[in-house]
Amino acid sequence: MKAGFASRLNNWLKEALTDNLGIKALSLVFTLGLAFAVRGQHDEQQRTIPVDVVLRLPAQEQKRELMTTMPAAVHITVRGTTRAIDPLIQQGIAPLELDLRDGQTTRLALEPHMFSVPPDVEVKIVDPATIDLAWQDVETHRITIQAAITGTPVKGYQVKGEPVVSPAAVVAVGPRSQVELMQFARVAAFDVSGLTDGTHKRRIALDPPPPRVTFLGPAGAFVEVTIERRQTQAQFKNRPVQVVGADANFTLSPVAVDITVVGSPEVVNALRDEQIVPHVDFSQTNIDFAKTKHGALTLPVILELTNAKAGGIQPPRITVKW
């Protein structure tokens with residue numbers, strides 16, 4: 001009887017272990033996987049997560065400027081269960097808001113309690129843990145607007161003088177260390193390519209100011225450039241001075257002057273010495289030579305030319321005696 005029972009037990013065990021073996025193996029794998037998954041949800045892990053930074057800066061009327069370049073994000077190392085940390089990685093952590101509205105804070109200490117994390121997550125490390133802040137007063141300075149020339153006018157013409165800018169200055173607002181060093185604001189270069197004689201006026205945009213500096217008023221300025229025929233000059237030495245407007249026995253001191261003539265190249269280059277006739281004019285002196293037999297007078301030397309002019313006369317005045 002015992003032998004029969006043992007035989008039946010052996011057959012039952014054999015069938016229990018070998019029947020539907022594939023289904024039993026699959027069930028075992030599923031059970032083990034579920035067990036590991038549940039266990040993993042309760043396992044602790046440590047991860048580093050970025051957190052965006054939001055700044056609340058002073059109002060404009062406080063005239064304070066933050067000079068420190070702030071990080072766009074800080075990194076925190078957190079520890080907690082996988083179930084708690086995974087959503088933080090997927091959805092992120094609420095931005096860190098830093099209140100700097102007083103404009104005086106010089107050091108920020110970033111503490112774990114400042115971050116919004118679930119109760120079962122612990123902030124272990126904050127990087128950076130502190131941030132040093134530098135501030136400056138905001139000042140207003142009036143600076144000159146500078147214009148430049150580019151290009152070349154039509155052949156035979158040139159730019160006369162310097163560009164005229166209107167308005168001549170702009171108001172710069174920014175940190176003291178920056179606006180104090182600004183000597184001028186610039187506009188884009190005025191292109192004179194293809195221009196001939198005349199006055200040319202354009203509105204040109206201001207170049208952007210440096211970082212943290214703003215310009216008050218219009219974003220551009222009017223620039224005026226004058227184009228004239230190209231000028232050249234020639235010197236004529238020891239040209240005798242004549243007296244006009246009176247008839248008397250005159251003595252001149254000196255009797256000759258040096259003259260620089262300025263004009264277009266084609267006019268100046270064609271001039272000859274005999275065409276350079278400087279003179280002094282007695283017609284405006286109202287001297288009655290019949291009553292004033294002797295005298296002396298210092299008069300300006302005059303040179304009259306067509307399509308050219310005297311750029312300089314040395315000496316500009318001479319003494320005339322009679």
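Where a number appears in this text, it was derived from the coordinates with a stated rule and is not lab data. Since the structure is predicted, the reported quantities are computational estimates derived from the model, not experimental observations. Backbone-built Cβ (ideal geometry, glycine too); neighbour counts: all protein chains shown.
Can you tell me which of 164-176, 99-111 comes out highest on packing, and rank the rest after it, using the mean Cβ neighbours within 10 Å?
Ranking the peptides 164-176, 99-111 by packing returns 164-176, 99-111.
Restricting to lysine pairs 8 or more places apart or on different chains, what number in the chain have Cα atoms under 25 Å apart?
10
With an 8 Å cut-off on Cα pairs and a minimum separation of 6 or more residues, tell me the relative contact order of region 137-229 in percent.
Relative contact order, region 137-229: 39 percent.
Treating the angle as unsigned and between 0 and 90°, give the value, to the nearest 10°, between the Cα long axis of helix 21-41 and the longest Cα principal axis of the chain.
50 degrees
Quick one: angle between helix 82-91 and the longest Cα principal axis of the chain, in degrees between 0 and 90, rounded to 10, please.
The two axes meet at around 30 degrees.
Suppose we flag GluC sites (Glu not before Pro) only when DSSP calls them loop and at most 15 other Cβ atoms lie within 10 Å. Which is the longest uninterrupted stretch of the chain?
1-179
Given the -39500 (n - 2.57) contribution per DSSP H run of 4+ residues, what per-residue ellipticity at 222 nm results for the chain, rounded to the nearest 500 deg cm²/dmol?
It lands at -5500 deg cm²/dmol.
Are there any chymotrypsin sites (Phe, Trp or Tyr not before Pro) in region 247-300 that are in a DSSP loop and have at most 10 other Cβ atoms within 10 Å? List them by number.
Those that pass, being in a loop and sparsely packed, number zero.
Positive end of the dipole of region 232-321, charges at C-beta (+1 Lys, Arg; -1 Asp, Glu), about the Cα centre: which of Ala308, Val280, Pro254 has its Cα farthest in that direction?
Final value for the positive-end residue is Pro254.
What does the charge count around Ile143 come to, taking other residues whose C-beta lies under 13 Å from its C-beta (Lys +1, Arg +1, Asp -1, Glu -1)?
So the surrounding residues net to -1.
Just to confirm a number: summing +1 for Lys and Arg and -1 for Asp and Glu over residues other than Gly220 whose beta-carbon lies under 12 angstrom from that of Gly220, what do you get?
Computed value for this residue: +2.
Just to be sure I understand, if you calculate P(r) over Cα pairs in 10 Å bins from 0, in percent for this structure, which of (i) 6, 30, 39, 22, 3, 0; (ii) 5, 13, 11, 11, 11, 10, 8, 7, 6, 5, 4, 3, 2, 1, 1, 1, 0, 0, 0; (iii) 5, 24, 33, 25, 10, 2, 0, 0 do you get?
(ii)
Working only with C-alpha atoms, what are the Rg and Dmax values of region 44-133, expressed in angstrom?
14.9, 50
Just to confirm the number: angle between the C-alpha axis of helix 2-18 and the first principal axis of the chain, 0 to 90 degrees, nearest 10?
Once rounded, one gets 20 degrees.
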